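First the structure, which I've put down as structure tokens, then a few questions once you've had a look.
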Amino acid sequence: MAFALRDFRREDFETLWSIDQRCFPPGISYTRLELKFYMHRRGAFTLVVEKAAPELAPETVGFIVAEAGRGGVGHIITIDVLPAVRRYGVGSKLLTAAEDRLRGANCHSVFLETAVDNKTALSFYKRHRYLLMKTVPRYYSNGVDAFILQKDLLSQKGAS
Ligand SMILES: CC(C)(COP(=O)(O)OP(=O)(O)OC[C@H]1O[C@@H](n2cnc3c(N)ncnc32)[C@H](O)[C@@H]1OP(=O)(O)O)[C@@H](O)C(=O)NCCC(=O)NCCS
């Protein structure tokens, strides 16, 4: 399968929101308003991956929303890959591109939140050398705790 990365276009929004609904359980997935809010924050950007196949229209299969915050600290807001194309490197393509973009915006580190029971995400971020900083009790509206993970962007590049 061939996958291509590109910047978000306004007409992608509904597709991205529906991908988010399929990637996260209720209480963790975003409402349209929440997703729009995060995507439009100062310093925020969204990258999209499309699956390309000869003679077929490109299909959006994943996206990442991140923001370059004040003080040189980046934030991964969400990363979503459709179940059918997981373990093909799409998530890594999105995360690596977002980290590069954050470095370009003078971020020295990046952090994110993930549910403590999201084993897939924890393996994925471990592979990308994120470190556990702390636990936030009942972070999500469904009562689940969050881990805050962080990565130094200046000394760590890529997954391995
Ligand atoms: C987490 C997520 C983005 C990973 O996307 P992906 O395209 O499958 O990731 P990759 O193919 O780039 O995986 C890279 C590495 O991460 C690890 N990994 C990914 N999925 C894994 C799984 N289900 N079990 C164990 N390790 C896993 C592996 O080390 C993998 O490398 P490998 O396939 O060579 O073993 C995707 O599973 C997803 O969208 N999940 C739902 C939403 C979510 O939980 N997002 C993260 C929380 S914000």
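Compute the signed sum of charges (Lys and Arg +1, Asp and Glu -1) over the other residues within less than 12 Å, Cβ to Cβ, of Arg127.
So the environment of Arg127 carries a net charge of +4.
Further, regarding this structure: For the range 24-31, in order, what is each residue's ³J(HN,Hα) by Karplus, 6.51 cos²θ - 1.76 cosθ + 1.60 with θ = phi - 60°, in whole Hz (x at glycine and Pro)?
10, x, x, x, 10, 5, 8, 6
A further question on this structure: Select from the range 9-84 those GluC sites (Glu not before Pro) which occupy a DSSP coil region and have at most 13 other Cβ atoms within 10 Å, ordered by residue number.
Glu55
Would you mind classifying the chain by shape? Square roots of the alpha carbon gyration tensor eigenvalues, ordered a ≥ b ≥ c; an a/c under 1.5 is rounded, otherwise it is prolate if a/b is larger than b/c and oblate if not.
Because its axes are fairly even, with a/c under 1.5, the chain counts as rounded.
What net charge is computed for the residues neighbouring Phe63, neighbours being all others with C-beta under 9 Å from the C-beta of Phe63, Lys and Arg scored +1, Asp and Glu -1?
-3
Helices from the chain with mean Kyte-Doolittle at least -0.5 and a Cα length along the axis of 20 Å or more, per DSSP H: which?
90-104
Tell me the net charge near Tyr38. Cut-off is 14 Å between Cβ atoms, Tyr38 excluded, with +1 for each Lys or Arg and -1 for each Asp or Glu.
Result for the neighbourhood of Tyr38: -1.
Over the range 101-153, calculate the relative contact order: mean separation of alpha carbon pairs under 8 Å at least 6 apart, over the residue count, as a percent.
Relative contact order here is 47 percent.
List the relative contact order of the range 32-160 as a percent without decimals, with contacts defined as Cα pairs under 8 Å and 6+ residues apart.
19
Could you pull out every residue, at least 5 positions away or on a different chain, whose amide H is within less than 5 Å of the one on Gly69? Hs are placed 1.01 Å off N in the peptide plane, and Pro or chain starts have none.
Correct list: Gly74, His75.
Could you give the nm distance between label points at Glu55 and Arg86, where each point is 7 Å from its Cα heading toward the beta carbon?
Output for this residue pair reads 3.2 nm.
Report, for the chain, the % of DSSP beta bridges that are antiparallel, rounded to 5.
So the antiparallel bridges in the chain amount to around 90 percent.
Now for a different question. How would the range 53-110 be classified by its alpha-carbon gyration tensor: rounded, prolate or oblate, with rounded meaning a/c under 1.5 and the a/b versus b/c comparison settling the rest?
Since a/c reaches 1.5 and a/b is larger than b/c, the shape of the range 53-110 is classed as prolate.
The numbers here are math on the coordinates, done by the rules we state, and not lab data. For clarity, every value in this text was computed on a predicted model and none was experimentally measured. No Cβ is skipped: glycine too gets one built from the backbone with ideal geometry, and neighbour counts run over all protein chains shown.
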